[in-house]
Amino acid sequence: MSAEDKVSNKAQELKGRAKENLGDVTGDEELRAEGRADQTEGGLKQAGEKVKDAGKKVKDAFKK
């Protein structure tokens, strides 16, 4: 996983938390839902990158 991807995915997750919290404070259910969606998307992207990293490690292990 590249450092840029890690930062981007984490930023999306944090942005989602901020949106959800703002939605809680303002009572805006749509903003809360957007925040939860952003968090989920960022988390899924991070998980996908971790799977790719693990696959690369396995591949590298068989090269040795």
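The values are calculated or read from the model by the stated rules, or taken from the named source; none is laboratory data. Since we're looking at a predicted model, the values are computed, not measured. Ideal geometry is used to build each Cβ from the backbone, glycine not excepted, and the neighbour counts take in all protein chains shown.
Assorted remarks:
- Single unsatisfied condition, A61 versus (1) surrounded by fewer than 14 Cβ atoms within 10 Å (Cβ to Cβ); (2) among the small types (G, A, S); (3) at pLDDT 95 or above: (3)
- Going through (1) loosely packed, with under 12 Cβ neighbours inside 10 Å; (2) at pLDDT 95 or above one by one, E20 falls short only on (1).
- Selection count where residues are over 27 Å from D5 (Cβ atoms) and either within 20 Å of the chain's Cα centre (by Cα) or assigned to a helix (DSSP H, G or I) (or both), scope region 24-48: 5
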